[in-house]
Amino acid sequence: MAVPDIRTTEPDHYADWRNDSLIGSWRHFSDDELTGKDVLDFGCGGGHLSFLFASKGLARSITGVDIDVEALERAKSTLNSKPQYAGRIRFIEGSVDGLPLDDASIDLITAFDCLEHVMEPAAILKDWERVLRPGGRVLLEWFPFKGPWGPHMEALIPLPWAHVVFGEKAMFHSAAEIYDDPDFVPRHWDIDKDGQKKPNKWRQWESFVEQAYVNELDIETFGDLVSQAGLKIDRLDKSGLGGGGLKKALGDTLMAIPVLGEYATSFAVIALQKP
């Protein structure tokens, strides 16, 4: 295996990378989406996207929601160091039972790189519809499960479509063996506060359902759930295997093929709207 990128082994570098990644994700959309809006940053983590929005000075308010208490504490700590954003951003703890927000209180929801980790997507979509005002929108960057890196296990299994070729049980068994290999370099999320590698969590799972980290949602099912929630798809742009050249051309060709196309979809940029 290749030496891991420093962004996965050093928390400070990861934070910088995450910030740059979210800036790149937002380039798929327009700043006009923010103007005068009450914005919900769903799955806000450490607040990087919320602070990016606040720096533009366009949104009326920004609410970051996450169920990760430690990430929220980091976001609140950062907010305390940025008094210029006081009163414009708030961070609140979410719940798997629903968003702690009033009905029809939000104009815009953003959810980047987190929909695949929502284990009850039907319920979340319905809750998004509940808190949105009429005409409100949801902007998503999503990595569908059938794509080359759908399982989010590339730190241990750096092979595209491993879940398709080998199956989930083989993936979890292999991940457990690799994690214990003395040559494996643990990522920062696998290091405890004392700097030691955490116990091998991969031995407790044999399926994605047991792991409860990715939801195995595909594009067709997503479309059905959106309709059932009372929302409509205003935009769905799929990106394939590469950013340019022959690789992109091959990806675009494969994505146009029914059924097979979703396996060639690395990520999707989506806008939903509440009528």
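The values are calculated or read from the model by the stated rules, or taken from the named source; none is laboratory data. Note that the coordinates shown come from a computational prediction; the quantities given were computed from them, not determined experimentally. So basically every Cβ, Gly included, is an ideal-geometry build from the backbone, and we count neighbours across all protein chains shown. Remember, those area values only see protein heavy atoms, side chains included, never the ligands or the DNA or RNA. Shrake-Rupley method; radii C 1.70, N 1.55, O 1.52, S 1.80 Å.
Can you pull out the residues in the stretch 134-157 that are open to solvent by 70 Å² or more (accessible area, probe 1.4 Å) and over 16 Å from the mean Cα position of the chain (by Cα)?
Residue satisfying the conditions is 134 alone.
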Completion exercise
Of the residues in the stretch 239-265, those that are open to solvent by 30 Å² or more (accessible area, probe 1.4 Å) and in contact with a strand residue (DSSP E or B) (Cβ under 7 Å, 6 or more places away or on another chain) come to 239
Handout entry: Single match in 218, 190 (criterion: open to solvent by less than 20 Å² (accessible area, probe 1.4 Å) and in contact with a Lys or Arg (Cβ under 9 Å, 6 or more places away or on another chain))
Key = 190
Practice task
Consider only pairs whose beta carbons are under 6 Å apart and that are at least six residues apart or on different chains; among these, list those whose first residue lies in the stretch 94-116 and is touching a residue at least 60 places away in the same chain (Cβ under 8 Å) and whose second residue is open to solvent by 40 Å² or more (accessible area, probe 1.4 Å) and not in a loop (DSSP other than H, G, I, E, B).
Solution key: 107/133; 108/137
Fill in the blank from the handout: When every residue in the stretch 105-131 that is open to solvent by less than 50 Å² (accessible area, probe 1.4 Å), more than 14 Å from residue 44 (Cβ to Cβ) and of a type in the set (Gly, Ala, Ser) is compared, the one nearest to the chain's Cα centre (by Cα) is 122
Practice task
Check whether at least one residue in the stretch 162-169 is under 27 Å from residue 271 (Cα atoms), part of a loop (DSSP other than H, G, I, E, B) and open to solvent by 10 Å² or more (accessible area, probe 1.4 Å), and report yes or no.
Solution key: no
